[in-house]
1. Identify, by number, the condition in (1) polar (S, T, N, Q); (2) surrounded by 13 or more Cβ atoms within 10 Å (Cβ to Cβ); (3) out of contact with any strand residue (DSSP E or B) (no Cβ under 7 Å at 6 or more places or on another chain) that S62 doesn't meet.
2. In this structure, is Y157 under 13 Å from R107 (Cβ atoms), not assigned by TED's automatic domain parsing to the domain that holds H452 and not in a loop (DSSP other than H, G, I, E, B)?
3. Considering only the stretch 397-407, state which residues are in contact with a Phe, Trp or Tyr (Cβ under 9 Å, 6 or more places away or on another chain) and farther than 21 Å from N138 by Cβ.
4. Check R80 against each of (1) in contact with a strand residue (DSSP E or B) (Cβ under 7 Å, 6 or more places away or on another chain); (2) crowded, with 18+ Cβ neighbours inside 10 Å and name the one condition it does not meet.
5. Quick check: anything in the stretch 128-135 touching a Ser or Thr at 6+ places or on another chain (Cβ under 8 Å) and surrounded by fewer than 24 Cβ atoms within 10 Å (Cβ to Cβ)?
6. Say whether the condition of being among the basic types (K, R) and free of Cβ contacts under 8 Å to residues at least 40 places away in the same chain is met by at least one residue in the stretch 322-345.
7. With respect to the numbered conditions (1) in a loop (DSSP other than H, G, I, E, B); (2) among the charged types (D, E, K, R); (3) touching a Pro at 6+ places or on another chain (Cβ under 8 Å), which one is the sole condition not fulfilled by E164?
8. Suppose we filter L263, L306 for residues that are among the hydrophobic types (A, V, I, L, M, F, W, C) and under 23 Å from I191 (Cα atoms); which single one remains?
Amino acid sequence: MALRIAAALGILLVLALVGVLGWAWWDSRLPDTYNVMDYGSHDYGGAAEHGAHHAAAVSVASLKGPQAGKPDVHFELMARPTTIRLASGHEVDGLAFNDRSPGPELRVRQGDLVEVRLRNEGVDGGVSIHWHGVDVPNAEDGVAGVTQDAVMPGGSYTYRFRAEQVGTFWYHTHQSSADEVRRGLFGPLVIEPQKPRGAVDVVALAHDFDGIQTLNGNERTTRLEVAAGSPVRLRLINTNNTPARFTVAGTPFRVVAIDGTELNEPQPLENTRLILAGGGRYDIGFTMPSSPVGLGIEDTTAVLALSPDGRADAPPPTPGAEFDPAAYGRPAPTPFDARRHFDREFEFDIGRKPGFMDGKPGMHWTINGGIYPDVPVFVVDRGDLVKVTIENNTDSVHPMHLHGHHALVLTRDEQPVSGSPWWTDTLSVEPNERYELAFRADNPGLWMDHCHNLRHAVEGLTMHVAYTGVQTPFTVGGGAHNHPE
């Protein structure tokens, strides 16, 4: 009798476990078409549920850049499949803007009204353009299924925005971005001051094609002629999912900007490795010596060699310390700091646990304990001063990218930033690191906040910051074919 009872209890436990797992599997499934605002839970950061202001409903589609007036600059970008041939002869089955990858360098002046017409000439999955690090109006942000529909073959879309910032940025598709950026749909964007500085100004864009690391599309040495005594500015852009390790040899240099924001009183560096987040940017500056200078990516053959005659090889790098932006430069006044009262305070805890994501079992990324789409939506009001504490409780590096805003780094592992004010839009959060960031909610919209290791994003490490009252008419999946990650 006891054995029968034990067996019956065992069967009941198994059935209960199967039932729990079945419910978890069913509950994780996403419909073919859905609105990103229909999932997750709204987190008000300690403020009243509807915030301090009651805003009327506003559509993302109405939050456009200037629609009237002749643009100061106009670009045409055609996205199409292509074969990318590297210097070694290796061929990549890729995608490109204007038959090149990286795509054409877009260089404009601060204050310019910029107009870019995107045309899809054969990318079956659709395309869009996100202006990475540029705090554009929300409808110009280029996220398929959130701020627009993907541009399908034969279609076009025109972006218009005022270039208010100055600095180094880049553009890339935000439709199926984990695949399409890897295959080549990206390029550099530089916003110069109205009066250029007069330096030799060169973009150095890192990208991995089929496991081959390149600088500006070349996996070998690119030689540049630079006269001795010339001021030089190199704009480092990392388009990869993982950190890029840059080395500088042959001259002292300064890191003069991070993510498009100038640093205050940067000091000279030598024998210092620059570890740049996926999606991040560093600008470095130096005066060209009479001997060669080399910029390389560690443990690769991708090198920029600068010399007065343009023919020399780069000097070999000397191993050294890692650059630490938290203790570099000199402090300067900021519009707010850690002592200010914050209108909203959010926790962003990155973890990993077993479970189901859209019906798929496995070890999945979590945000505040939830597997996508059970992740928070941070709700803010326009004008709020917002603090976000990011903690990485995984063994992976996560370059976290907030669209539409730049945040001031306040602390790292509870230690205040002691150098120049450090503003960022793509912050590399190492395993077990904890950062406090702050930003002013001054750009209404519905904004992605996600890991720019795009494989992690497609695996669920993504959420949104939503302004009160803002809604999106766009949906993910379905007939619109929108797949933002």
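1. So the condition that S62 fails would be (2).
2. It is false that Y157 is under 13 Å from R107 (Cβ atoms), not assigned by TED's automatic domain parsing to the domain that holds H452 and not in a loop (DSSP other than H, G, I, E, B).
3. H398
4. (2)
5. no
6. The answer is yes; a qualifying residue exists.
7. Unmet for E164, out of (1) in a loop (DSSP other than H, G, I, E, B); (2) among the charged types (D, E, K, R); (3) touching a Pro at 6+ places or on another chain (Cβ under 8 Å): (3).
8. L263
The values are calculated or read from the model by the stated rules, or taken from the named source; none is laboratory data. None of the values given here were measured: they were computed from a predicted structure. Note that we place each Cβ from the backbone using ideal geometry, even for glycine, and neighbour counts take in every protein chain shown.
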